[in-house]
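We did not get these values from a lab; they are worked out from the coordinates using the rules stated. All figures in this text were calculated on a predicted structure; none of them were measured in a lab. All Cβ positions, even for glycine, are placed from backbone atoms using ideal geometry, and neighbour counts span all protein chains on display.
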RNA sequence: GGGGAAGUGCUGGAAUUGGCAGACAGGCGUGACUUAGGAUCACGUGCCCUCGGGCGUGAGGGUUCAAGUCCCUCCUUCCCCACCA
């Protein structure tokens with residue numbers, strides 16, 4: 001047996017053995033407590049970089065630890081394979097998206113295998129496989145059947161030259177031009193599919209069942225953006241209702257004008273002939289500008305008077321109606337009542353266009369307010385003034401009393417508004433799951449019957465850019481017959497948002513080959529919900545909201561059980577390039593895991609990723625610091641091989657006790673830190689134990705038998721983090737295969753206990769002395785020992801202590 | 001503008017959650033050993049000092065016997081969202 005540590009020799013060997021033995025296959029076992037450990041699946045737009053390893057290998061270590069603790073752990077993996085980046089990359093390289101994607105999958109699979117993780121490959125799922133997206137389509141049909149999916153007109157960014165929809169990232173620069181042909185992009189209304197996620201907005205705000213990071217909960221809460229207020233019906237002079245949402249109904253009497261979004265449907269009708277030219281010019285410009293460079297924080301408010309007027313329902317006052325781009329069609333109703341005295345945006349607008357500012361709230365500290373004199377809006381709450389019958393209402397009753405007033409006059413009521421919109425799932429793209437619907441001139445929208453799923457994506461399409469959606473362009477694909485009447489019909493040519501595929505992949509892992517449903521109920525009953533989910537925080541508001549919605553919607557359809565799909569969530573940070581910048585090919589700072597594994601071995605890379613940065617923080621990849629891990633593993637390796645040649649020796653009782661103590665302290669340390677996702681201190685604790693074993697050996701008083709037992713404990717604690725070397729050395733010590741089937745070492749608090757401690761002696765909070773005392777020292781004895789300290793006495797300068805604080809086992813502070 | 005996270009040696013980072021600041025590593029320095037290896041091993045390494053000690057966790061203030069940790073004000077960096085009515 002070669003004695004040098006050669007990871008390139010041992011790692012592939014053990015990986016092959018583990019796989020041949022199906023060591024990590026997760027099967028239902030009702031005798032054991034299950035643990036579903038999920039890590040976000042990779043997207044297949046290229047090769048993996050070290051950031052994937054940073055996300056996955058610590059998760060693997062924790063999953064392995066739980067397995068050794070006796071849990072029946074499922075740790076599955078798959079590929080998120082549909083979507084626009086794949087399609088674009090394919091176009092760039094002039095290769096079919098499918099071919100390109102599956103080529104990437106093959107390489108990613110190889111890369112993932114080289115990690116030595118405990119993936120259960122028998123549960124692999126790929127979202128672009130027909131056997132997978134058949135069920136993505138099936139979920140769509142369930143939503144459609146139960147009124148959770150609907151169609152409506154919605155604007156998209158459109159390139160008039162390429163004649164195609166553009167995704168947000170394909171619209172570039174301040175002038176918003178098409179990334180391909182540089183033509184200015186326009187908005188175009190298309191009939192698209194939506195999911196009613198807003199129906200679940202309130203439930204999604206409830207995180208009581210979740211052990212999730214506060215940051216993610218806050219991000220989701222803000223994203224959903226619930227605000228309470230009133231919905232109030234204004235009317236145009238012609239009698240058309242203009243519905244308005246306001247969080248400040250108490251300021252209704254101060255509404256001196258209204259503002260509509262330029263896209264609002266009533267603009268056309270309200271606009272008078274004199275104003276028409278100006279209004280149309282503004283609308284045209286706003287359509288181009290509405291999304292431009294929003295970073296321009298203090299952008300000056302602009303707008304145009306329509307010439308039309310509306311009636312304020314609380315006082316029947318006639319107020320002018322303007323349009324302005326600071327009112328968004330996508331929030332609320334696309335129309336606001338403007339109260340310049342109490343809203344800063346309205347105030348700026350009013351001053352600019354010389355509109356009336358009328359104070360109707362008198363906050364504490366003000367005797368009176370004069371609209372002409374004000375220099376900014378006063379948003380504070382307070383007593384209502386100039387408010388007709390409600391004048392004099394105190395601030396804390398203003399909201400409710402106004403609502404009551406609105407109800408009594410039947411012009412408004414309490415209302416809740418959300419920032420969250422319904423989920424637009426239509427994509428005018430090729431590389432996605434086709435939406436399983438046909439359009440029949442006789443029967444309208446007809447769902448494809450479930451027994452005809454999947455609606456397969458054709459391979460023989462022109463996927464190079466032609467100005468048409470590839471599915472529309474296909475000569476025959478969209479031509480079909482109506483499932484209802486049998487007449488000629490056309491297929492929907494849009495595909496589904498790829499977030500739809502990833503909203504339920506954790507369910508497909510349960511039974512990836514199952515063909516009677518999206519998952520096998522037996523597997524669901526045993527494994528679900530996901531116990532731990534790990535991945536990047538960048539998914540906080542998209543994927544992680546969608547998957548929660550998906551689960552809740554499916555629960556209401558009787559498909560899933562429980563209220564949440566993933567109980568515990570932990571996010572890792574990002575690994576940056578050695579230059580501290582985000583890794584990118586153009587910067588040339590990408591760290592390729594293949595190269596690192598070839599250079600150092602997978603175990604070293606794994607351990608370094610855990611050791612080098614805090615997992616939740618990430619940081620720059622430092623090519624020097626990895627040497628510490630290289631040396632550590634070499635030292636462990638050397639120590640195991642040195643054992644063979646060690647002369648027999650008696651171990652001194654004290655030494656053995658010390659090592660055993662260190663082992664048990666390390667068990668506690670490593671166990672706690674793995675539970676807490678604090679991987680850097682896991683590795684440092686293992687290094688400390690290694691150093692302790694070396695020190696004991698070097699003392700010459702540590703016999704081979706004791707060293708062997710110390711090493712066995714060390715290897716067991718190393719098994720989750722560095723699985724290959726642990727397995728190899730475990731075998732070298734003559735222990736039975738596999739170390740990964742061994743139970744986690746038991747922690748014994750008695751054995752971890754220190755006999756002696758260093759008692760810190762402070763005078764007035766400053767450390768003056770340290771003495772070694774028995775660990776069990778009484779408070780009284782500690783106090784006496786401290787007062788007896790010469791150093792302490794010197795600093796007490798003969799004064800009497802006014803107070804002596806004893807922290808048992810730690811320190812004594814003498815206050816004089 | 002709103003929200004979130006974080007500021008500790010030359011670097012990555014520890015600190016039992018209010019109790020010895022700098023564990024464990026990297027780097028650097030000095031030395032040992034050399035058939036030179038991706039070496040290895042030993043010792044040292046926050047700053048200042050009159051060698052008693054003094055000062056030190058972004059800045060300033062506060063609470064406390066005791067603050068990296070708690071409170072207030074401010075500064076800096078990174079991330080997310082952005083006219084939210």
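Residues within the reach of a label modelled at residue A:285 (point 7 angstrom out along Cα to beta-carbon, backbone nitrogen below 11 Å), restricted to segment A:317-350, are A:325. With 0.36 nm allotted per residue and the present C-alpha distance subtracted, the residue A:678-residue A:94 stretch has 205.8 nm of extension available. When only alpha carbons are used to place a centre, segment A:409-429 and segment A:660-715 end up 58 Å from one another. Neighbour counts of other Cβ atoms within 10 Å put A:391, A:802, A:59, A:511 in the fewest-to-most order A:802, A:391, A:511, A:59.
Equivalent-ellipsoid semi-axes for segment A:338-412 (Cα gyration tensor, √(5λ), whole Å, largest first): 23, 15, 10. Once the gyration tensor of the Cα atoms in segment A:534-582 is diagonalised, the equivalent ellipsoid follows with semi-axes of 32, 10, 6 Å, ordered largest first. Here chain A carries DSSP beta bridges of which approximately 75% are antiparallel, counting only pairs with both residues inside. For the peptides A:241-249, A:724-732, A:447-455, the ranking by mean Cβ contacts within 10 Å, running from highest to lowest, is A:724-732, A:241-249, A:447-455. Rg and Dmax of segment A:366-484, based on Cα coordinates, read 28.8, 77 Å.
Taking only the alpha carbons of chain A, we obtain Rg and Dmax values of 34.1, 107 Å in that order.
Using a simple spin-label model with pseudo-atoms 7 Å out from Cα toward Cβ, residue A:238 and residue A:766 lie 8.5 nm apart.
Applying 0.36 nm per residue to the separation of residue A:351 and residue A:47 and subtracting their alpha-carbon distance, the gain on full extension is 103.8 nm.
Expressed to the nearest 5 percent, the antiparallel share of DSSP beta bridges inside segment A:658-816 is 75 percent. In terms of surrounding Cβ atoms within a 10 Å radius of their Cβ, A:566, A:796 rank from fewest to most as A:796, A:566.
Both radii come from the Cα set of segment A:754-816: Rg as radius of gyration, Rh as Kirkwood radius; their ratio Rg/Rh reads 0.94. One chain, two ends: residue A:649 and residue A:208. Fully extended at 0.36 nm per residue, the span grows by 152.9 nm beyond their Cα-Cα distance.
Put a dot 7 Å past the Cα of residue A:277, heading toward its Cβ, do the same for residue A:215, and the two dots end up 5.5 nm apart. Compared with the dominant principal axis of the Cα atoms in chain A, helix A:723-732 is inclined by about 20°.
In segment A:458-606, Cα pairs under 8 Å separated by at least six residues give a relative contact order of 14 percent. In whole percents, the pair-distance distribution calculated for segment A:1-94 from its alpha-carbon pairs, binned every 5 Å from zero, is 3, 10, 14, 16, 18, 14, 11, 9, 4, 2, 0. Modelled this way, with points 7 Å down the Cα-to-C-beta line, the labels at residue A:391 and residue A:152 are 4.1 nm from one another.
Estimated translational diffusion coefficient (Stokes-Einstein, Kirkwood radius over Cα pairs, 25 °C, 0.890 mPa s) of segment A:553-680: 130 µm² per second. Pairs of Cα atoms nearer than 8 Å and 6+ residues apart set the relative contact order; for chain A it is 14 percent. The ellipsoid that matches the Cα gyration tensor of segment A:659-713 has semi-axes, each √(5λ) in whole angstrom, of 24, 10, 7, with the longest given first.
Note on residue A:799/residue A:439: beta-carbon distance plugged into 1/(1 + (r/R0)^6) with R0 of 60 Å gives a FRET efficiency of 0.05.
Taking every alpha-carbon pair in segment A:70-220 and binning the separations at 5 Å intervals from zero gives 2, 7, 10, 10, 13, 18, 18, 13, 7, 3, 1, 0, 0 percent.
The alpha carbon centroids of segment A:487-551 and segment A:86-157 are separated by 11 Å.
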